Amino acid sequence: MEHDSKEPVAPPPARFEDLGLSDDMLDILEDVGYESPSPIQASFIPLALSGVDCTGQARTGTGKTAAFAIPILETIDPESDVTQALVLCPTRELSEQVANEIMKLRGNRDVRCAVLVGGRPINKQLNELRQGVIVAIGTPGRVIDLLTRRALDLSKLKMVVLDEADRMLDIGFRPDIEKILKRCPESRQTLLLTATLPPPVERLARRYMRDPQGVDLSKDAVVVQTIDQYFCTVDEDRKFGLLVRLLARERPQQALIFTRTKRGADRLFNKFYGRLPNVEAIHGDLPQKQRDRVMQSFRDGKIRMLIATDVVGRGIDVSGISHIINYDVPESCDDYVHRIGRTGRLSSDEPGRAFTFVTRQQGKELTNIEMRINKLLESFHIDGYEPCRDDRRRNGRAASEGSDIASA
Ligand code: AMP
């Protein structure tokens, strides 16, 4: 394996010390092992601390939870018992993740948090609220329920966060969110986090936020800093062998492998079928139920390699993805950015890794990608898989591919 001398260009990392945080918070961040802010944190935290309403476009795995959790913890008064911050989330699981992150970052201060979600005993939640909750985190349905029972009082609220606003609107939470926002004091600060910014989310922001300031880190900035990106030059008919060797060498925790077409995804899946366990394919022709099942298994870590087309792969946010493999070069540069944005290894010491297979004829496409992301990909070379014109040598080497698959 060789890397050539092209140096990737990345901006210098930001520092927590420069974001206007209290000394207490800086100590806590050091204790939890966060060395430097992620791009969304570096842009969003100072804006939120200034007190204005803000929208942040960022997906899971980029540190977006701490981007709003830190400003919450810097704004609330832990001495007071009233509810001062409310975080609305689309799902029970996300509500719990958010609560865990806030509890991790509260240090040893007594900032009482409660998770208010459906499908869990309401009596426990009523009890917690009676004892005083400073930060409430929950799904809109249960929050409305608790407001109707007059168990939750939002009249002293300082901050409201709408986390994954696009998903909340997709699920149909809009009427509930509006009802809740109407019960919050006008003086509150509103923060909105979303992976995408479709018109319904923009309308919600316009209607319920005061002159919102936007931070968009859904694309390049996240990509540049957290993912090592390589390209492998290979002949079209030897891509499968290269993939097998690459998987054996890299041993990904989880890999997402992109093909351009649904047929291409099926073809690749069939090559693996019966030879390597924990591989699945997902594309738009599969029934929704099957797609949901595959996605759930991938999220649970039961599937290690998932082959996907662009349309379906775009929606995948799974924090265990360590590797993206572009088995086919993406059709557009934007697709490249979306594809490699799927790795989420911020919490790990290892950055995510992305490999793009290119044939000799696709040099121009590679250059277009490099121009789009303003960064040169490094060449990654596996012995025996350099493109070659000599068919006899090629046929001889192809025979060894079968034995590699067992170690992938
Ligand atoms: P999130 O995008 O909020 O789901 O965060 C993804 C993971 O990154 C979580 O496990 C966080 O605890 C972790 N994390 C958030 N911010 C940082 C940071 N600045 N440095 C290291 N890890 C972080």
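We did not get these values from a lab; they are worked out from the coordinates using the rules stated. Source: prediction; values computed, not measured. Don't worry about glycine lacking a Cβ; one is built from the backbone with ideal geometry, like all the others, and counts go over all protein chains shown.
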TODO: Take E331, project a point 7 Å from its Cα along the Cβ direction, then tell me which residues of the stretch 250-294 have their backbone nitrogen under 13 Å from it.
DONE: 259-264, 284
- [ ] Compute the FRET efficiency between V52 and E350 as 1/(1 + (r/R0)^6), taking r as their Cβ-Cβ distance and R0 = 41 Å, and round to the nearest 0.05.
- [x] 0.70
Open item on the list: Once the cut-off is 14 Å, how many percent of the Cα-Cα pairs in the stretch 271-319 end up in the long-distance tail?
Closed with: 49
Task: Within the stretch 174-194, backbone nitrogen closer than 19 Å to the virtual label 7 Å beyond the Cα of D211 toward Cβ - done: 186-192
TODO: Determine which lysines satisfy two conditions relative to K182: a Cα distance under 29 Å, and not lying fewer than 8 residues away in the same chain.
DONE: K64, K124, K156, K158
Task: Nearest-ten-degree value, helix 64-75 long axis tilted from longest Cα axis of the chain - done: 20
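Full extension from D31 to S80: what is 0.36 nm times the residue separation minus their Cα-Cα distance, to one decimal in nm?
Additional length available on full extension: 15.1 nm.
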Task: Distance cut-off 43 Å, percentage of C-alpha pairs in the chain lying past it - done: 19
Task: Computed lengthening from T367 to D228, 0.36 nm per intervening residue step minus Cα-Cα distance - done: 48.3 nm
TODO: Taking a cut-off of 21 Å between Cα atoms, list the lysines near K271, but don't count ones fewer than 8 places away on the same chain.
DONE: K239, K262, K302
TODO: Please give the length that would be gained between R183 and R109 if that part of the chain were fully extended, namely 0.36 nm times their separation in residues minus their C-alpha to C-alpha distance (nm, one decimal).
DONE: 23.8 nm
Open item on the list: What distance in nm lies between label points placed 7 Å from Cα along the C-beta direction at N100 and R174?
Closed with: 3.3
TODO: With no solvent and one equal point scatterer placed on each C-alpha of the stretch 180-296, evaluate the Debye formula and give log10 I(q)/I(0) for q = 0.12, 0.13, 0.15, 0.22 Å⁻¹, two decimals.
DONE: -0.74, -0.80, -0.92, -1.33
Task: Distance in nm between pseudo-label sites at E236 and D24 (7 Å out along the Cβ direction from Cα) - done: 6.4
